[in-house]
Amino acid sequence: MPVLALPAAPASAVSYGTPTITFSTGYLSGAVGATGDPTVTVTVAQSGASASALTVAASASTRTAVARTGDVTVTGTGGTRSLAVTAQGVGYTDLTVKVTGLGGKSATRTLHYAASAAVPNSATSRYLTGSSDASAAVDAGGGYLVVGDDESNTLRLYDRAGSGAPLHTWDFSTALGVSKEIDIEAATRVGDTIYWTGSLGNNKDGVVKPDRHTVFATTITGSGATTQLSLAGSYDGLRDDLISWDSAHGDRYGFAAGAAEGQAPKQIDGFNVEGLEFAPGSTTTAYVGFRAPLTPAVTGGRALLVPVTNFPSLLDGSDAHATFGDPIELDLGGLSIRDLRRNGLGQYLIVAGSWAAEDNSAPYALYRWNGRADSRPVKLLDLPTGEYGAWEAVADVPDLDAPGARAQLITDDGSADLYHDGTDAKDLTHPEWKKSRSTWFALN
């Protein structure tokens, strides 16, 4: 009897799960006309399917005047994609990102996007996100820099060539025994030591805040993306030393009056430090540069530097009090010192700006100097002003006589209305939307 073949059993249907989609950050900031804006890493997966079979697309879901569907680009294959946005206008918008998998299944997620205005020198500008109040910076080598902030005690490591979030952060508040902001305003590096100083002044309401009197040092190990910092020492007596020194010399600069309880620091006769750099050929004498006072204050005259002749020994505890050299008064066209930086050739750059508080529209300029008291600084260029933030830091100094010399300057954008919504950047809810700007300027 013939044996009849049974029909083959149907193949089991492939079961696909619902795709998943995650972002490296849910908040992204860009700028109109920017080069090298930050991107978002999009990670996708679907059970039962290869990640390369998934498609990722984005669409504008709210204000298309800020960014349209066609302004969002997704690149890459596999489980990790990169999403970039080209800003069209200033403001906020939400973008819907959708992953479509096999079996007709998909998932969506919202990316919250904000765009700031176009700036002068946009092609050479980058944005340091995560904070808006950059106030001091030093080169970390390998194309990276460490940036201090006057609204927090966090030090941040950034890629000098790109825009985006810091690679590493350090907060030494606990080790320093401070609970409030140090108001970091200046820094300088000698070898593997970075010195940082608070403003030494009162807060904006004139209240004496001892944590702002902190000067501290960090040891830097590694370089570039592998940079690490550790606390190397601190000193909280420099403010008192300066006031005592001035009082012993006839109150020439009015330090005691400018630092008194109730006195705001950012007045022409106030007390506020924003520059720190070592004297020519020295690793012991440091110039302390003042935003206020100008001298004489009544005529809005010259910017002030006070040499501290035993600066490193204050932080290692070997000297009890600071000792001082002869003060230096510089003609910066009625402006004061906002940063000061020296290179190995003894050439200095001075970022000069107004002593006034929260005045982003006041003039700023960049000067070169040779570090000698008998030498007048020379203006290299006026810096762009307006709604773009206050120029507060210069990372390092190239050979100023070399063809094509450029310097990278950084703004404090804390009081800038970045997104035209009436909110100062320092008050923004999401850190990813806070940012300062770095810009390269040709110097000759």
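Taking only the alpha carbons of the stretch 364-442, we obtain Rg and Dmax values of 15.7, 48 Å in that order. Binning all Cα-Cα separations of the stretch 199-315 at 10 Å, short to long from zero, yields these whole-percent fractions: 13, 40, 32, 12, 3. The length gained on full extension between SER59 and THR22, counted as 0.36 nm times the residue separation minus their Cα-Cα distance, comes to 11.7 nm. What share of Cα pairs, in percent, lie more than 18 angstrom apart in the stretch 64-177? Summing the P(r) of the stretch 64-177 above 18 Å gives 65 percent of all pairs. Charges were assigned to the Cβ only: +1 to each Lys and Arg, -1 to each Asp and Glu. The resulting dipole of the stretch 226-349 about its Cα centre is roughly 400 debye. Pairs from the table (LYS98/LYS434; LYS379/LYS435; LYS266/LYS379; LYS180/LYS204; LYS379/LYS426; LYS209/LYS434) lying more than 20 angstrom apart at Cα are LYS98/LYS434; LYS379/LYS435; LYS266/LYS379; LYS379/LYS426; LYS209/LYS434.
For HIS249, the solvent-accessible surface computed with a 1.4 Å probe is close to 120 Å², ligands and nucleic acids excluded.
Global size of the stretch 50-116: 12.7, 40 Å for Rg and Dmax (C-alpha atoms, Rg to one decimal, Dmax whole).
A probe of 1.4 angstrom, applied to the heavy atoms of all protein chains, finds ARG372 with accessible area near 130 square angstrom. Debye sum, Cα scatterers, the stretch 333-387, no solvent: what log₁₀ I/I(0) at q = 0.18 1/Å? Those come out to -0.60, one per q.
Stick to Cα atoms and the Kirkwood definition of Rh, then tell me Rg/Rh for the stretch 309-444.
A ratio of 1.03.
Annotation for the stretch 397-444 versus the stretch 24-98: alpha-carbon center distance of 25 Å.
Quick one: Cα convex hull volume of the stretch 389-433, Å³ per residue?
Cα-based convex hull of the stretch 389-433, divided per residue, equals 93 Å³.
Highest mean first, the peptides 184-193, 277-286, 387-396 sorted by other C-beta atoms within 10 Å per residue fall in the order 387-396, 184-193, 277-286. Of all DSSP-defined beta bridges confined to the chain, some 95% are antiparallel rather than parallel.
A simple spin-label model places pseudo-atoms 7 Å from Cα toward Cβ; at ARG252 and ASP94 they are separated by 6.3 nm.
Taking only DSSP H segments of four or more residues, each worth -39500 (n - 2.57), what value at 222 nm results for the chain once the sum is divided by all its residues, to the nearest 500 deg cm²/dmol? Each step should come with its number before you reach the end.
Details: 4 runs with 24 residues, N = 444.
Here the helix-only value at 222 nm equals -1000 deg cm²/dmol.
Each of THR219, SER354, PRO38 was placed along the dipole of the chain (beta-carbon charges, centred on the mean Cα), and the one lying farthest toward the positive end is PRO38.
Compared with the dominant Cα axis of the chain, that is its longest principal axis, helix 238-248 is turned about 20°. Net length available on complete extension from SER244 to ASP331 is 28.8 nm, with 0.36 nm assigned per residue and the Cα-Cα distance removed. 3J(HN,Hα) along the stretch 22-30, derived from phi through the Karplus expression 6.51 cos²θ - 1.76 cosθ + 1.60 where θ = phi - 60°, amounts to 10, 10, 5, 7, x, 10, 9, 10, x Hz, with x in place of Gly and Pro. Computed log10 I(q)/I(0) for the stretch 217-260 at 0.29 Å⁻¹: -0.95, from the Debye equation with unit scatterers placed on every C-alpha and solvent omitted.
The values are calculated or read from the model by the stated rules, or taken from the named source; none is laboratory data. Since the structure is predicted, the reported quantities are computational estimates derived from the model, not experimental observations. Cβ: placed from backbone, ideal geometry, glycine included. Neighbour counts: every protein chain shown. All accessible areas refer to the heavy atoms of the entire protein, side chains included, with ligands and DNA or RNA removed. Shrake-Rupley method; radii C 1.70, N 1.55, O 1.52, S 1.80 Å.
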